[in-house]
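Engineer: One structure, as structure tokens, below. Some questions next.
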Amino acid sequence: MKEGTIFNIQKFSLHDGPGIRTTVFFKGCPLKCLWCANPESQSFEKQILIDHDQCVHCLACVHTCPNHAIHVIDHMIKIDHHHCTSCLTCANTCPRHALSIEGDTKTIEEITNLCLQDIDFYEESGGGVTLSGGEAMSQPFFLKELVSSLKEHKIHIAIETTGYINDTLFKELAPLFDLILFDIKHHSSKMHKVGTGVSNELILSNLKWALEQKLNIIIRIPVIPDYNDSLDDARQFADTLSHLQANQIQLLPFHQYGEKKYELLNLSYHYKNKKALYEEDLKDYLEVFIEKGLNCYI
Ligand code: SF4
Ligand code: SF4
């Protein structure tokens, strides 16, 4: 039986496609965006989280870890992720429930059954299921089987993708979806690499192909302070997307919902304390796309 690594299943989701949806978050991503709101999505492995606010330094976890993967550094509990096997002994030992695991293996049947619980809501609202991440296409065999299982029940299926997938695989997977939410982080390949760790050529070439096939695509641009938020950035995005004959573009203002997760994962956060952006901050930015004749909204 096929299993996938999932880090969250969110019911009654309203921002990942039309209507009421269930969003299934796949764990693991080929990009490492500096502003990522779901840092737990980046690693393909399960990860132990520590809530330092709950820890009373009893050291029970340090003593019980069978792999000696927990250490005290600067008076704080730290997990050595190279030696941790996600056995959960520490989480079960901790008297304060300060340790938890991020990521779980799920079968096709488990996810399908969970999604089916809300099928009446999907039908009434024009919703369905969105496969998000991380990058769901990075678990291609599991993804294909899950899509085919959901399709047996005639559920509308969307995918949220980075587009950073081998082109042969992308051409096989993309047409399976009723809607593709395709993220573009930067118009310049050099800057794309600075912000995400990878260049944008493969992403733009997959996007070009998908648009040529007339797949149903909403292009989404996360607008990030001091990265891609200038009016010149807006003009260059608009030029690129107009050239590709894109017809639906959504701007996603930068937010800080993920900040606490960096702490729990003991990761440094490049955008710590950076001010969030709101719809009113992006009025001029949006206008650049509209003036170019693009169907763009926030
Ligand atoms: S999950 Fe297991 S291996 Fe990992 S830190 Fe906890 S006790 Fe150690
Ligand atoms: S067992 Fe829990 S409370 Fe004790 S040191 Fe470990 S994380 Fe802190």
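Engineer: Could you list the residues of region 29-72 with an amide nitrogen less than 15 Å from a label point located 7 Å from the Cα of residue 85 in the Cα-to-C-beta direction?
Structural biologist: 46, 64-70
Engineer: What is the distance, in nm, between label points placed 7 Å from the Cα along the Cα-to-Cβ direction at residue 60 and at residue 292?
Structural biologist: Going by the 7 Å Cα→Cβ label model, 5.7 nm.
Engineer: Which residues among region 188-214 fall inside the zone where the amide N is under 17 Å from a point 7 Å beyond the Cα of residue 168, along Cα→Cβ?
Structural biologist: Of the residues in region 188-214, 206 have backbone N under 17 Å from the label point off residue 168.
Engineer: Moving on to the next point. If you take the charge dipole of the chain about its Cα centre, with +1 on Lys and Arg Cβ and -1 on Asp and Glu Cβ, which of 146, 236, 268 is farthest toward its positive end?
Structural biologist: Farthest along the dipole direction, towards plus: 268.
Engineer: Give me the lysines in straight-line cross-link reach of residue 185: C-alpha distance below 17 Å, same-chain residues under 8 apart excluded.
Structural biologist: 32, 193, 208
Engineer: I've got another one for you. Where both partners of a DSSP beta bridge lie in the chain, what percent of those bridges are antiparallel, to the nearest 5? Don't jump to the answer; show the numbers that get you there.
Structural biologist: Working: 17 of 40 bridges.
Percent antiparallel among DSSP bridges in the chain is about 45.
Engineer: Additional query: Using the per-residue mean of other Cβ atoms lying within 10 Å as a proxy for protection, in what order, highest first, do the peptides 86-98, 118-130 fall? Can you show the working numbers first?
Structural biologist: Values: 86-98: 15.6, 118-130: 18.5.
Descending mean neighbour count gives 118-130, 86-98.
Engineer: Could you check how many percent of all C-alpha pairs in region 47-102 are farther apart than 15 Å?
Structural biologist: Details: 547 of 1540 pairs.
Across region 47-102, Cα pairs with separations above 15 Å total 36 percent.
Engineer: Oh, and also: Report, ordered by chain and residue number, the aspartates and glutamates lying within cross-link reach of residue 260, taken as a straight Cα distance under 17 Å and ignoring same-chain residues fewer than 8 apart.
Structural biologist: Straight-distance partners of residue 260: 40, 51, 53, 102.
Engineer: Of all DSSP beta bridges in region 1-159, what percent run antiparallel (nearest 5)? Let's see the in-between values first.
Structural biologist: On the way: 17 of 25 bridges.
Of all bridge pairs located within region 1-159, approximately 70 percent are antiparallel.
Engineer: Ok, one more. Considering region 172-268, what Rg and Dmax in Å follow from its alpha-carbon atoms?
Structural biologist: 14.8, 43
Engineer: Let me know the whole percent of all Cα-Cα pairs from the chain that are separated by more than 33 Å.
Structural biologist: Tail fraction, whole percent: 29.
Engineer: By residue number, which cysteines of the chain lack any other Cys whose Cβ falls under 4.7 Å from their Cβ?
Structural biologist: For the chain, the answer is 29, 55, 58, 65, 84, 87, 94, 115, 296, because their Cβ atoms have no other cysteine Cβ under 4.7 Å.
Engineer: What does the extension gain come out to for residue 124 and residue 100, with contour length at 0.36 nm per residue minus their alpha carbon separation? Kindly include the intermediate steps, with their values, before the conclusion.
Structural biologist: Values: separation 24, 0.36 × 24 = 8.64 nm, distance 3.63 nm.
Separation in residues times 0.36 nm, less the Cα-Cα distance, equals 5.0 nm.
Engineer: Evaluate E = 1/(1 + (r/R0)^6) for residue 231 and residue 12, where r is the Cβ-Cβ distance and R0 equals 41 Å; express this FRET efficiency to the nearest 0.05. Mind dumping the intermediate values first?
Structural biologist: On the way: r = 37 Å, r/R0 = 0.89.
The calculated FRET efficiency here is 0.65.
Engineer: Whose amide H sits under 5 Å from the amide H of residue 130, counting only residues 5 or more places off or on another chain, with H placed in the peptide plane?
Structural biologist: The answer is 22, 23, 24, 158.
Engineer: Here's something else I'd like to know. Have a look at 68, 176, 112 and report the one farthest towards the positive end of the charge dipole of the chain, computed about the Cα centre with Cβ charges (Lys/Arg +1, Asp/Glu -1).
Structural biologist: 68
Engineer: Can you spot the lysines whose alpha carbon is less than 16 Å from residue 214's alpha carbon? Ignore those fewer than 8 places along the same chain.
Structural biologist: 171
Engineer: To continue, here is another question. What whole-number distance in Å separates the alpha-carbon centres of region 211-225 and region 239-257?
Structural biologist: Taking the Cα centre of each part, region 211-225 and region 239-257 sit 6 Å apart.
Readers should treat all values here as calculations from the given coordinates under stated rules, not as data from a laboratory. Since the structure is predicted, the reported quantities are computational estimates derived from the model, not experimental observations. As a convention, Cβ positions derive from the backbone with ideal geometry for all residues, glycine included, and neighbour counts pool all protein chains shown.
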